[in-house]
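Asker: Provided herewith is a single structure, encoded as structure tokens, for subsequent inquiry.
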Amino acid sequence: MKLVIVVLVLLCAPSSVLGTSFDLWTGTTIVVSLSEAELVIGADSKETGGGRAAGQIRLGCKIIRTANMVFAVAGMSEYTGTAFSAADIFLQETKGRGLELAIQEFDKSIKPRLAQAIAHIANNYPHELQQQIHSGVTLTAIIGGMREAVPILFVREFSTEMVNGAIKLRTNPFQYIGVRQSRLFMFGEQDAIVNFLDINPTVEKEEAVKKIRKLIEVEIATGNPKVGAPIDIARITTPGVEWVQRKAQCPEEGK
């Protein structure tokens, strides 16, 4: 698979010099069911803290709904050291735009801002940097919408690597995903889900909302420290975008 590589230059002064510290929030499980008729996306709510927020837990809205799109993020969702927020970038860059232009603008904006955040983390929290490297995927951004009455899914994954002493941010190629037959996608924390599906393959044929809820509950039930209830679920069909279920902290639309 062809990879786009961004080399990160460490220009930020460490927190020991500045006398400040910053919050880093990460973790989640996202499950997506995509068919010709609908896109259903679900996420857990638990976020774990790093940096100044190390050891802390909070409930996050991993799914953001707008009038014509749904956004979800797994992995490093926010870092206050550089005012990085994947959800804020999505809302800023997609407001008032159609699906394809919105995705292009979001994609163009998030890469340099994530690179800046990783560089800042490297200078301020080297232990957190190592965790990002070892996690495999630093951030997964997902945007769903309708194109010519067909549900479309856009996925962009970023991973952090150390190559010859230099930090590199790698990303998968820009792509849309559309399907003729129903498909299931998992992002973020998913080991328990994968094992469960190996033993129970017929679950993939169940109704989308029921299936997504069940699979996220499977991951939560393992006690994975990065995953926790409640579960939010949104659906996109030809009539539009709707919440199936959402916690009170998540707005009906926007953030």
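Each reported figure results from applying straightforward, stated rules to the coordinates on display, with no laboratory input. The structure presented is a predicted model; accordingly, all values stated were derived computationally and were not measured. Every residue, glycine among them, receives a Cβ derived from its backbone with ideal geometry; neighbour counts consider all protein chains shown.
Asker: How high is the FRET efficiency between residue 147 and residue 88 when r is their beta carbon distance and R₀ equals 30 Å, given to the nearest 0.05?
Answerer: Computed FRET efficiency for residue 147 and residue 88 comes out at 0.75.
Asker: Per residue, what volume in Å³ does the convex hull of the Cα atoms of region 80-119 enclose?
Answerer: 47 Å³
Asker: Taking H as built 1.01 Å from N, whose amide H comes closer than 5 Å to the amide H of residue 29, not counting residues under 5 places away?
Answerer: It is 44, 189, by chain and number.
Asker: Applying the Karplus parametrisation 6.51 cos²θ - 1.76 cosθ + 1.60 with θ = phi - 60° to the phi angles of region 140-150, what ³J(HN,Hα) value in whole Hz is obtained for each residue in order, glycine and proline being reported as x?
Answerer: Working through the residues one at a time gives 10, 10, 10, 10, x, x, 10, 10, 6, 6, 10 Hz.
Asker: How about residue 214: which aspartates and glutamates have a C-alpha closer than 17 Å to its C-alpha, ignoring those fewer than 8 places off in the same chain?
Answerer: By straight Cα distance, residue 214 reaches 44, 189, 191, 198, 204, 206, 232.
Asker: Figure the gain on full extension for residue 191 and residue 52 (residue separation times 0.36 nm, minus the Cα-Cα span) and round it to one decimal in nm.
Answerer: Additional length available on full extension: 47.2 nm.
Asker: Once amide H atoms are placed 1.01 Å from N in the peptide plane, what residues at a sequence separation of 5 or more from residue 53, or on another chain, have their amide H within under 5 Å of its amide H?
Answerer: Amide H neighbours of residue 53: 24.
Asker: Could you tally the net charge around residue 119, taking each other residue with its Cβ under 12 Å from the Cβ of residue 119, Lys/Arg +1 and Asp/Glu -1?
Answerer: Charge balance in the 12 Å sphere: +2.
Asker: May I pose another question? Say the dipole of region 130-255 comes from +1 at the beta carbon of Lys and Arg and -1 at that of Asp and Glu; which of 177, 160, 201 then lies farthest toward its positive end?
Answerer: Towards the positive end, the residue furthest out is 177.
Asker: Quick check on packing: order 155-165, 128-138, 62-72 by the mean number of other C-beta atoms within 10 Å, highest mean leading.
Answerer: Per-residue Cβ counts within 10 Å, averaged per peptide and sorted highest first, yield 62-72, 128-138, 155-165.
Asker: Now, a different point. If we count every other residue with Cβ under 11 angstrom of residue 247's Cβ, Lys/Arg +1 and Asp/Glu -1, where does the sum land?
Answerer: Neighbourhood net charge equals 0.
Asker: Looking at this model, which pairs from 108/247; 210/247; 62/95; 205/247 are more than 21 angstrom apart at the alpha-carbon?
Answerer: Correct reply: 108/247; 205/247.
Asker: Run the helix sum for the chain: -39,500 (n - 2.57) per DSSP H stretch of 4+ residues, divided by residue count, reported at 222 nm to the nearest 500 deg cm²/dmol.
Answerer: One gets -8500 deg cm²/dmol as the mean residue ellipticity at 222 nm.
Asker: Are there DSSP H segments in the chain that both extend 27 Å or more along their axis (alpha-carbon positions) and score a mean Kyte-Doolittle hydropathy of at least -0.5? List them, or say none.
Answerer: Passing helices, by number: 99-124.
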